[in-house]
Amino acid sequence: MSAPLRPRPHRLPLTTQLTSTLLRAPLFLAATAAFGSASLLASLVEKDGRLQHRIAHSWARVSMACAGSRITVLGEPNLRACPVAVYCSNHLSYMDTPAIFASLPFQFRIVARSNLWQVPFIGWHLNRSGQIPVNVENPRASIASLGGGVKTLREGMPVFVFPEGGRTRDGRPGTFMNGPAFMAIRARVPLVPMALIGTYELLPMHTKQFYPGPVLLAVGEPIDTSAYSPRDVEALTQHPATVTADLFYRHA
């Protein structure tokens, strides 16, 4: 069992502020720069992305340690139930990405907002590591760009996506976009809903200081999409959203 979730104080204790500013944040940034550089170098000598993913996994574990958080995974057998699937989770914090990379026990590709590809260094890494850009501003462009995710799934690579399109402002699960359902139906693979708990308290939106505490990833049972057609995208979208919200409120 994980430790109880601690609400983040409106004003962090002075010792927590100092530790975060002088120790945790510099270590996190240094680790990100070091592992990111290693991943870029690895991309020059490999084509399947395995080494880059191992580097990303190591970065994620080190990053969570720098933040002072330990991750517990509930429902881990559900992560190994399907060889290929679309995995989706609520989005609470910048620390969600390292939490996911530290927890999923296999190589995967992540679907992310296309504007991240324009950010120096981050965009280079996303492009070289084979991640999938999606345009969330334009619905038509969004559907077209999701074709890259469908292709990746059909090639046998799992895909992960944050269906809310951005981080929550209040720490609660939000409305899901239909990208995961669209990709799962098109590729004929299951959907696996998950809930992240604790990363909002660790580092909520518009903050720069860590508040160390436990992080939990609760994994739901895979949702079979074989009976759905492309016309059922909206109906299927609600299913993982409901499961994610149920997991979140049950365990938070």
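The values are calculated or read from the model by the stated rules, or taken from the named source; none is laboratory data. The structure displayed is predicted, hence computed values, not measured ones. Reconstructed Cβ throughout: ideal geometry from the backbone, glycine too, with neighbour counts over all protein chains shown. Side chains included, ligands, DNA and RNA excluded: accessible areas come from the protein's heavy atoms. Shrake-Rupley method; radii C 1.70, N 1.55, O 1.52, S 1.80 Å.
Worth a mention:
- For Val111, the test of being within 22 Å of Thr225 (Cβ to Cβ), at pLDDT 95 or above and open to solvent by less than 40 Å² (accessible area, probe 1.4 Å) is failed.
- Enumeration of residues in segment 78-104 that are farther than 29 Å from Lys208 by Cα and either outside any helix (DSSP H, G or I) or free of Cβ contacts under 8 Å to residues at least 12 places away in the same chain (or both): Arg80, Ala81, Cys82, Pro83, Val84, Ala85, Val86
- Residue in segment 155-167 that is crowded, with 16+ Cβ neighbours inside 10 Å, at pLDDT 95 or above, of a type outside the set (Ser, Thr, Tyr) and in contact with a Ser or Thr (Cβ under 7 Å, 6 or more places away or on another chain) present: yes
- Some residue of segment 209-224 being without any contact (Cβ under 8 Å) to a residue 40 or more places away in the chain and either buried (at least 18 other Cβ atoms within 10 Å of the Cβ) or part of a loop (DSSP other than H, G, I, E, B) (or both): yes
- Residue within segment 117-139 that is at pLDDT 95 or above, part of a loop (DSSP other than H, G, I, E, B) and open to solvent by 10 Å² or more (accessible area, probe 1.4 Å) present: no
- Index of the failed condition, Asn90 passing every other in (1) in contact with an Asp or Glu (Cβ under 9 Å, 6 or more places away or on another chain); (2) under 22 Å from His125 (Cβ atoms): (2)
- Filter result (closer than 30 Å to Lys151 by Cβ, assigned to a helix (DSSP H, G or I) and open to solvent by 30 Å² or more (accessible area, probe 1.4 Å)) within segment 59-77: Trp59, Arg61, Glu76, Pro77
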